[in-house]
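Q: I have a structure I would like to understand better, so I am pasting it below and will then ask my questions one at a time.
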Amino acid sequence: MTYQETIPGFGELTLTVVDPDAHAALLHGWVTAPGAAFWGMGDHTVAEVHEVYSFVDSLSTHHAYLIGLDGTPVGLFQSYRPEADPVGERYRVRPGDVGMHLLLAPGRRPPRGLTTAVGPALARFLFRDPDHRRIVVEPDVRNRFALRRLEREGFTFADEIDMPDKRAQLAFLTRERFEADHPVPA
């Protein structure tokens, strides 16, 4: 386990590094579900999902984690260094930028408010590294649900950008904004 945090009202959230051999079939079920259309892997086979996450696992710049809640897998979280990703070719990367992707398991009804609770936990995980100053995201511009969630979480929207597989909305969350909105209890 890489990270754990108790989320009041939801239980113990954990992040575990994706093991392609152990998790490919589970991830395949998620990334090919109709509710995961914006993930961009809807036509992948289990073998292709395994190949993708084996490649991610081989990189020092990109990381994939299985999100657990009280021991039950509920989502996929990825972090990356923007300068080593196609998004880094489409905006001026700053020192301290860290990118992220989030997919909560489609097809199951998450507890009400889970998405709102998970976002700050993932930001706390990324901001544990003192070198991380700003979180970068680039959801598909058609993903209104994700855009509304990011706005509620304090992300600032920048330009729309053309990625290889989508038109994306570039957005940022600074450490300062996050900490102002989520003060650490005394």
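Q: Can you tell me which residues in region 30-46 are touching a residue at least 12 places away in the same chain (Cβ under 8 Å), on the phi < 0 side of the Ramachandran plot and not polar (S, T, N, Q)?
A: W30, V31, A33, P34, G35, A36, F38, W39, H44, V46
Q: Any residue in region 50-63 that is under 22 Å from D159 (Cβ atoms), outside any strand (DSSP E or B), β-branched (V, I, T) and touching a helix residue (DSSP H, G or I) at 6+ places or on another chain (Cβ under 6 Å)?
A: Scanning region 50-63, I find no residue that is under 22 Å from D159 (Cβ atoms), outside any strand (DSSP E or B), β-branched (V, I, T) and touching a helix residue (DSSP H, G or I) at 6+ places or on another chain (Cβ under 6 Å), so the answer is no.
Q: Within region 155-162, can one find any residue that is surrounded by fewer than 17 Cβ atoms within 10 Å (Cβ to Cβ), over 16 Å from the mean Cα position of the chain (by Cα) and assigned to a loop (DSSP other than H, G, I, E, B)? Can you show your working first?
A: In the first step, residues of region 155-162 are kept if they are surrounded by fewer than 17 Cβ atoms within 10 Å (Cβ to Cβ); the result is 156-160, 162.
Of the ones still in play, those that are also over 16 Å from the mean Cα position of the chain (by Cα) are 156-160, 162.
Add one more test, that the residue is assigned to a loop (DSSP other than H, G, I, E, B), and what stays is none.
So far as region 155-162 goes, no, none of its residues is surrounded by fewer than 17 Cβ atoms within 10 Å (Cβ to Cβ), over 16 Å from the mean Cα position of the chain (by Cα) and assigned to a loop (DSSP other than H, G, I, E, B).
Q: L26 passes all but one of (1) in contact with a helix residue (DSSP H, G or I) (Cβ under 9 Å, 6 or more places away or on another chain); (2) over 21 Å from G119 (Cβ atoms); which number fails?
A: Every listed condition holds for L26 apart from (1).
Q: Same structure, new question: Buried (at least 16 other Cβ atoms within 10 Å of the Cβ), at pLDDT 95 or above and within 24 Å of R128 (Cα to Cα): is that true of H62 in this structure?
A: When the stated conditions are applied, H62 passes them.
Q: Turning to a different aspect of this structure: Hey, does region 102-117 have a residue that's in a helix (DSSP H, G or I), under 26 Å from R133 (Cβ atoms), at pLDDT below 95 and among the aliphatic types (A, V, I, L, M)?
A: yes
The values are calculated or read from the model by the stated rules, or taken from the named source; none is laboratory data. Owing to the predicted nature of the structure, the values given are computational and were not obtained by experimental measurement. FYI the Cβ positions are ideal-geometry reconstructions off the backbone, even for glycines, and counts take in every protein chain you see.
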